[in-house]
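The structure appears below as structure tokens.
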Amino acid sequence: MVLLWRRFDEIGFQRLVQLINKTNQFNLTTRRYTDDDVHALMRDNRAFGLQLRLTDRFGDNGIIAIVIGRMQGEEDLLIDTWLMSCRVLGRQVEPTTLNLVADAAKRLGARRLIGDYLPTKKNGMVKDHYAKLGFTVAETNADGGSRSVLDLPGFVPGNTFIEVREG
């Protein structure tokens, strides 16, 4: 398998906005964004939007994941949005994506990743997503939501069998 990543761009723009606004099950926060919101993100030098495609011996699965990260203060990068297609779960895409997010966060000067889980009726399957990836749960809410933290200086990228390429 090959995971192709690139920053948000105009080429896949409409598909990005569509996925952000319709993905419900594997979506940690279920935040929705307009075209203008996504364009503003693309211009923000303290944020990033990553789009990921997965190809394998059967073909191209298309865009299967989107991650939006935003710096908060000088050391924390909030994973504002992390959504994935359910058809790629359990194929090591999650830890491979975390490796990419950690690298992008470090380039922005982050020392910690902050990941929120905001529960909805449909996204219970990702309740423990961050804990499974090695984050520490820092706080929980009465509604079942949580905030998790990962210190980047001690982060060791996960070793997966997925080849990663920019593209």
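Where a number appears in this text, it was derived from the coordinates with a stated rule and is not lab data. Quantities reported herein were computed from a predicted structural model and do not represent experimental measurements. Neighbour counts run over all protein chains shown; Cβ positions are idealised from the backbone, glycine included.
Find all pairs meeting these conditions: Cβ atoms under 7 angstrom apart; at least six residues apart or on different chains; first residue within the stretch 19-43 and free of Cβ contacts under 8 Å to residues at least 40 places away in the same chain; second residue among the acidic types (D, E).
Sorted first by the residue in the stretch 19-43, then by its partner, the list stays empty.
Here's the yes/no breakdown for (1) in contact with a helix residue (DSSP H, G or I) (Cβ under 6 Å, 6 or more places away or on another chain); (2) farther than 24 Å from S146 by Cα; (3) not charged (D, E, K, R):
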| position | (1), (2), (3) |
| --- | --- |
| T29 | no, no, yes |
| R53 | no, yes, no |
| G62 | no, yes, yes |
| G73 | no, no, yes |
| L83 | no, no, yes |
| D103 | no, no, no |
| P119 | no, no, yes |
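Name the strands (runs of 3 or more DSSP E) wholly inside the stretch 30-115 in which the number of residues that are farther than 20 Å from L3 by Cα is 2 or more.
59-72, 76-84
Here is a list of conditions, (1) surrounded by 13 or more Cβ atoms within 10 Å (Cβ to Cβ); (2) more than 25 Å from N123 (Cα to Cα); (3) not acidic (D, E), and I11 meets all of them except one; can you say which number that is?
Status for I11: all satisfied but (1).
Taking the stretch 81-105, which residues are touching a strand residue (DSSP E or B) at 6+ places or on another chain (Cβ under 6 Å), in contact (Cβ under 8 Å) with a residue 40 or more places away in the chain and of a type outside the set (S, T, Y)?
The answer is W82, L83, M84, L100, V101, A104, A105.
For the stretch 138-163, what are the residues that are out of contact with any Lys or Arg (no Cβ under 6 Å at 6 or more places or on another chain), outside any loop (DSSP other than H, G, I, E, B), in contact (Cβ under 8 Å) with a residue 12 or more places away in the chain and surrounded by fewer than 19 Cβ atoms within 10 Å (Cβ to Cβ)?
R147, E163, listed by residue number.
Please go through the stretch 120-137 and give me each residue that is outside any loop (DSSP other than H, G, I, E, B), exposed (fewer than 14 other Cβ atoms within 10 Å of the Cβ), of a type outside the set (A, V, I, L, M) and touching a residue at least 24 places away in the same chain (Cβ under 8 Å), ordered by number.
The one that is outside any loop (DSSP other than H, G, I, E, B), exposed (fewer than 14 other Cβ atoms within 10 Å of the Cβ), of a type outside the set (A, V, I, L, M) and touching a residue at least 24 places away in the same chain (Cβ under 8 Å): K132.
Which ones in the stretch 36-60 are loosely packed, with under 11 Cβ neighbours inside 10 Å and more than 23 Å from E75 (Cβ to Cβ)?
D36, R57, F58, G59
So, of the residues in the stretch 22-35 that are within 20 Å of L89 (Cα to Cα) and either surrounded by fewer than 18 Cβ atoms within 10 Å (Cβ to Cβ) or among the β-branched types (V, I, T) (or both), which turns out to be farthest from the chain's Cα centre (by Cα)?
K22
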